[in-house]
Each structure stands twice: as structure tokens, then as C-alpha cells.
Amino acid sequence: MCNAKILSLSEAYKDYFKIGAAVRVEDLQGVHGELLKKHFNSITAENAMKFGEIQPVEGKYDFDKTDKMKEFVLNNNMGMRGHTFLWHNQTPTWLFVDNNGNQVSKELLLERLKQHIRTLVNRYGDVIYAWDVVNEAIEDKSGEQYRDTTWRRIIGEDYIKTVFELAKEEINGAQLYYNDYNNELPNKLDKSYIMLKDLIAKGTPIDGVGIQAHWNITDNNLIDNLRNAIEKYASLGLKVQITELDVSMFNFENKRKDLLEPTSEMLYLQEKMYNNIFGTFREYKDVVNSVTFWGISDMYTWKDNFPVHGRKDWTMLFDINGRPKASYDRAIKF
Ligand code: GLA
């Protein structure tokens, strides 16, 4: 099939998977708003739905931004990913402290989490097709399986299972995901596989795994690793969603700051990368049901300041003016 003449990404991929973007409330208007309407059929709140943003103080929810996102989703016939319930970052400190200033009991923490999940599901559940129940629980350092977090210390070793069970009681009709970065790389894949296999063996209600996909143009092993990871996760009966895709011009160690625009070599490598990545996603369309970019265009993404402060990056399929790049052509022509 040749989709060269189809100009909308989500239209080109309608028989494959959803095409999503992470958004700030400002992105619902202007150039980004137009790009969203034309090319995407799913959104994720880049920050607005994180615990610390939406319930910064106990019982005081800030629904404003997420309400606007939901309205946009409804008006434009889209879906939304819920991101995220359990995470070690962007989580408010009140959650872990009781009224006497002591660390909360396991029971109180779970009760607070349940209330939080219930509130968000009541308000947004109708537009959300997948929730990230737990984000980034695997430890990066070799020799250790789980990240040491306050959640884990209070709830205990079985906390991931417990939290998925709790979420399942509140959530109807949406898929439940475990989401992480680098979980296509061999070491972290092994740990993820062990964790997921164990969760499934114990009957945990989990539907799939999110591969964040914060990638770069220089990784020559990416496609082999990705294939291997998708196959291993699928062998457990899990679905895969690509949840935070970007292709940086710089590998993590690269600290250069001198560029005002990407070199033609960089753009070429990015094109090739997007071509191969999307080819692989298509190959595994029976497993991969959603592909979300962590941004919309090169006008703004979180990579503009990370990991090198003040450095511009150009990770997306659309350029700083929202125009399609050669990478876009490679992703859409198949
Ligand atoms: C992680 C989180 C995302 C986001 C990125 C950085 O991947 O899952 O929500 O915070 O870090 O933008």
C-alpha cells in the first residue's frame, strides 16, 4: 500500500494504531492546535494530570487544564491516555505524611490513592482508553530490580500488584499499563520481563507495557532491541504502547550547545531513524495499539532543556514552524 498522498498521520495509520501527542494546555490552540486536529487522534497531558499538578493539596484538585484537554478530545473525536498514577517524581509530599506529621500508614496511603484514582476516573474515564498505573518502577543500576521509592517503602514489596488491583476496581473499560524508559534495552528489558511475568503469574490485572521511547539518531541497535522487546512483551500476552516518542539529535553523553539549527547530517539520520522505527511499529501492529509523541513540533519540546540546559533540540516530525520535515515523509510514506 502506498500512502504518499494521504497527508494526515493518524489517517495514514488508522488501520494500525492511534497516533498521539503529549500536550500542554497552550498546545490546544494556534499552530499546535491545528496540527493536533489534522494529524493526531490521541493526546496525553504532558504534565497536567500528574499527581502533584492535579491534586497539589489534599482534596484540592486543579482540574482546569485537564478539563480543557478533555473538551478538545470530545470536540475532535480523539482519545486520551491517562498519565500517571504512581510515580517517584512530581508527586506531592502531603501524600506521604499523616495529620500528625508522621509517615502515613500503608492503609492511609492506599486510601488516598484510591480516592485520587476514583476522582480522576469519574471525571475523565469516558475519554481515556489507557491509564499509566505505574511509571518507572524498575531500577537502572545493575544488581537491583526495583527503584527505592517512598511508595514501595510504605506499601511493601508487592506494591505494584496492589496498586494495579486497586486501579482495576475503579477503572472500567480502559486498559491498564506499566510505563518505563529504556525498557527495550537488554538489561532493563530483562528486569521488566521478570517483573511483568511475576505480576501476571500472580493474577495482576495488567493489559500492557508502555515503552516511552526517548530515543536519538545515533543508536544503531535500536531496531533490533525494539523488535526483541516487543516480542518478549507480546510473549507474555501483553499489548505495547509507545508512550513518549522523540528522536533527539544528541545522544545522552553529547553536551554540544553550539548549533542554531540541526546539521543536514543530523536531519538525514533522523529521517532514517523515523523510517525504521515506523516500519517496525507497523510490523507489530497486532501488538502495538498506540504511538504517542512526547511533543508536537520542534517549536517546543521538553528536550529543549534536557539533559543540557538551554540547548535546543529538534526531535519531532514537524519543524519549528509546524511544517512537516523529511522525517514526517518517511513516517507517513509506506
Ligand atoms: C518521564 C515521564 C513523563 C515526562 C518525561 C519528561 O518520561 O513519564 O511524564 O515527565 O519523563 O518530560
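Only the coordinates and a few stated rules stand behind these numbers; no lab work does. All values reported here derive from a predicted model rather than from experimental measurement. Using ideal geometry, Cβ is built from the backbone for each residue, glycine included, and neighbour counts are taken over all protein chains shown.
Dipole of region 1-125 (Lys/Arg Cβ +1, Asp/Glu Cβ -1, origin at the Cα centre): which of 47, 99, 74 lies farthest to the positive side? It is 74, whose Cα lies furthest towards the positive end. Could you work out the percent of alpha carbon pairs in region 14-69 separated by over 12 Å, rounded to a whole number? Cα-Cα pairs in region 14-69 separated by more than 12 Å: 67 percent. Backbone N atoms of region 254-296 closer than 13 Å to the 7 Å Cα→Cβ label point of residue 31 belong to residues 296.
Across 260, 113, 189, mean-square fluctuation computed from a Gaussian network of the chain (C-alpha pairs under 10 Å connected) peaks at 260. Each principal axis of the Cα cloud of region 161-242 was taken in turn, and the coordinate range along them, longest first, works out to 43, 21, 17 Å. Using R0 = 41 Å, the C-beta based FRET efficiency linking residue 268 and residue 119 works out to 0.30.
Here residue 232 is the anchor, and the lysines within straight C-alpha reach of less than 17 Å, apart from those fewer than 8 places off in the same chain, are 188, 191, 197, 285. Solvent-free Debye calculation, one equal scatterer per alpha-carbon of the chain: log10 I(q)/I(0) at 0.07, 0.11, 0.14 Å⁻¹ equals -0.28, -0.71, -1.17. When DSSP beta bridges are restricted to pairs lying wholly in the chain, around 10% turn out antiparallel. From the largest down, region 105-252 spans 46, 36, 30 angstrom on the principal axes of its Cα atoms. Mean residue ellipticity at 222 nm, helices only, the chain: -11500 deg cm²/dmol; runs of at least 4 DSSP H residues each add -39,500 (n - 2.57), and the sum is divided by the number of residues. Summarising the amide proton neighbourhood of residue 44: residues at separation of 5 or more, or on other chains, whose placed amide H is nearer than 5 Å comprise 21, 22, 23, 81. Note on the chain: dipole from Cβ charges, positive end direction compared against 192, 214, 234; the farthest Cα belongs to 234. Within region 137-227, the GluC sites (Glu not before Pro) that combine a DSSP coil assignment with at most 14 other C-beta atoms in a 10 angstrom radius are 144, 157.
Between residue 194 and residue 169, the FRET efficiency estimated from the beta carbon spacing at R0 = 30 angstrom works out to 0.70. For region 83-177, the Kirkwood hydrodynamic radius from C-alpha pairs, put into Stokes-Einstein at 10 °C and a viscosity of 1.306 mPa s, yields a diffusion coefficient of 113 µm² per second. Computed about its Cα centre, the charge dipole of the chain is approximately 420 debye, with only Lys, Arg, Asp and Glu carrying charge at their Cβ. Near residue 210, the amide H atoms lying under 5 Å from its own belong to 178, 179, 180, 241; only residues 5 or more places off or on other chains count, and H is placed 1.01 Å from N. Derived value for region 203-334: Kirkwood hydrodynamic radius 15.5 Å. Basis is the mean of 1/r over every pair of different alpha-carbon atoms. In terms of other Cβ atoms within 10 Å, 327, 264 run from fewest to most in the order 264, 327. Taking a label point 7 Å from the Cα of residue 231 along the Cα→Cβ vector, which residues of region 255-296 have an amide N closer than 16 Å to it? Within reach of a label on residue 231, which here means backbone N under 16 Å from a point 7 Å along Cα→Cβ, region 255-296 contributes 280-288. Checked against a 32 Å cut-off, the cross-linked pairs 114/325; 14/325; 14/50; 68/168; 70/312; 18/303 give Cα-Cα distances beyond that limit for 114/325.
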